[in-house]
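Q: Quick one: the structure is below, questions incoming.
The values are calculated or read from the model by the stated rules, or taken from the named source; none is laboratory data. Nothing here was measured: the structure is a model prediction, and the numbers come from that model. All Cβ positions, glycine included, derive from the backbone under ideal geometry; neighbour counts span all protein chains shown. We work out accessible area using only protein heavy atoms, side chains counted, and drop any ligands, DNA or RNA first. Shrake-Rupley method; radii C 1.70, N 1.55, O 1.52, S 1.80 Å.
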Amino acid sequence: MKTRRATALLAAGAASLLAGCSHVQSALAPAGDQAAAIERVWDLMLWICVPMYLLVLAALGWALWRKHSRGHTMGGDRHAAFGLAAFVILVAGLLTVLTASSYIADRRLHVAVTDPVKVRITAMQWWWQVDYLDADPSRQFTTANELHLPVDRPTRIELRSNDVIHSLWIPVLNGKEDLIPGRTNVIVMTPRKTGTYRGQCAEFCGLQHANMALDVQVDDTSAFAAWKARQLAPAATPSTPTALAGMRAFNATACAMCHTIAGTDAGGVTGPNLTHLASRRTLAAGALPFNRGTLSAWIADPQRQKPGTNMPEVPLQQQQLADIVDYLMTLQ
Ligand code: CUA
């Protein structure tokens, strides 16, 4: 068990590292206004701190060389005193510049936005519930572990937690913001580049903290509207006999007690909403790519795929499992 957990953690770590290199999860490849403001501070810090570091090393080298070549001398060096005073002023000036730039960037992250897309993300061990809010309740819908955003329009995200403290971090769009039980935090993201990105829980929250990822998709306006329209629709009734049998098995077993599939009898709210499960790219909060094989393996033995997960192993016969997978694969 320990080896399996270690392997899972290593795999998740490697996935995060690769994600960083491929720019889907890199704070140095901003795809939105807020991340760009943060990256400018990072750049400024780099261009100030690297020369300063080299300057300090050079001064140290010079002092050591001087001590060697002249022997130990104390005081009386007006040039050294002048140099030191100039250095102190330089450091104070640069620190002021860094502090001011950090403050200005922080203000940019908190400007009020007009007509944002409204989303609520609720963190749970170890997945994300994503609710798209609307003044008209019939225009609201719920999904899980995926966040779709329209490009060039701000999205205001309310952040909550149902259990412990988590932290949402989508490096290409903004900095980290904690999700704290009993409190609602707010973060705004204004994407400027369409694409597929990755978010990650950034606060240690238990065994599967590393496997608490969020699939992020920035779409152009029409693609976002089309996605939203598909999400608003209830699940289609399956048309094949095995998928129909799968729907019945899903509703007759423990599955329906934890999961909602809109338009069916399944109305559990403990686990992720599965209404359009088959349209997602990942499974188990980014732990697995979504396909028939991983879905089947996940349901058959969740602890093997994500040790510690709250998803129980529901006792199913082979045929029941195959039918349920057939059914879930129809949930586009
Ligand atoms: Cu949730 Cu770490």
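Q: Looking at E146, is it of a type in the set (D, E), away from the ligand (no atom under 14 Å from the Cβ), in contact (Cβ under 8 Å) with a residue 60 or more places away in the chain and in the same structural domain as I121 (by TED's automatic domain parsing)?
A: So E146 fits the description; yes.
Q: Evaluate segment 259-266: report whether one residue or more is more than 20 Å from the chain's Cα centre (by Cα), open to solvent by less than 20 Å² (accessible area, probe 1.4 Å) and not assigned by TED's automatic domain parsing to the domain that holds A210.
A: Looking for residues that are more than 20 Å from the chain's Cα centre (by Cα), open to solvent by less than 20 Å² (accessible area, probe 1.4 Å) and not assigned by TED's automatic domain parsing to the domain that holds A210, one finds at least one in segment 259-266, hence yes.
Q: Give just the number: which of (1) within 16 Å of the ligand (Cβ to nearest atom); (2) closer than 22 Å to P234 by Cα; (3) out of contact with any strand residue (DSSP E or B) (no Cβ under 7 Å at 6 or more places or on another chain) does R139 not satisfy?
A: Unmet for R139, out of (1) within 16 Å of the ligand (Cβ to nearest atom); (2) closer than 22 Å to P234 by Cα; (3) out of contact with any strand residue (DSSP E or B) (no Cβ under 7 Å at 6 or more places or on another chain): (1).
Q: Here's a follow-up. Check segment 208-215 and report whether any residue there is under 17 Å from Y132 (Cα atoms) and under 21 Å from the mean Cα position of the chain (by Cα).
A: yes
Q: Sort out which residues of segment 75-119 are open to solvent by 90 Å² or more (accessible area, probe 1.4 Å), touching a Leu at 6+ places or on another chain (Cβ under 7 Å) and of a type outside the set (D, E, K, R), and write them in order of number.
A: Matches in segment 75-119: none.
Q: Additional query: Name the single residue that is nearest to M124 (Cα to Cα) among those in segment 311-332 being part of a helix (DSSP H, G or I) and not hydrophobic (A, V, I, L, M, F, W, C).
A: Across segment 311-332, the extreme among qualifying residues is Y327.
Q: A further question follows. Would you pick out the residues in segment 120-136 that are open to solvent by less than 80 Å² (accessible area, probe 1.4 Å) and more than 16 Å from the ligand (Cβ to nearest atom)?
A: Answer for segment 120-136, where residues must be open to solvent by less than 80 Å² (accessible area, probe 1.4 Å) and more than 16 Å from the ligand (Cβ to nearest atom): R120, D131, Y132, L133, D134, D136.
Q: Something else about it: So which residues in segment 183-237 are within 16 Å of the ligand (Cβ to nearest atom), surrounded by fewer than 18 Cβ atoms within 10 Å (Cβ to Cβ), free of Cβ contacts under 8 Å to residues at least 40 places away in the same chain and not in a strand (DSSP E or B)?
A: Across segment 183-237, the qualifying residues are R183, F204.
Q: Can we say W42 is open to solvent by 60 Å² or more (accessible area, probe 1.4 Å), farther than 30 Å from P150 by Cα and at pLDDT 95 or above?
A: Taking the combined requirement at face value, the residue does not satisfy it.
Q: Return yes when A287 is of a type in the set (A, V, I, L, M) and more than 16 Å from the ligand (Cβ to nearest atom) and no when it is not.
A: no
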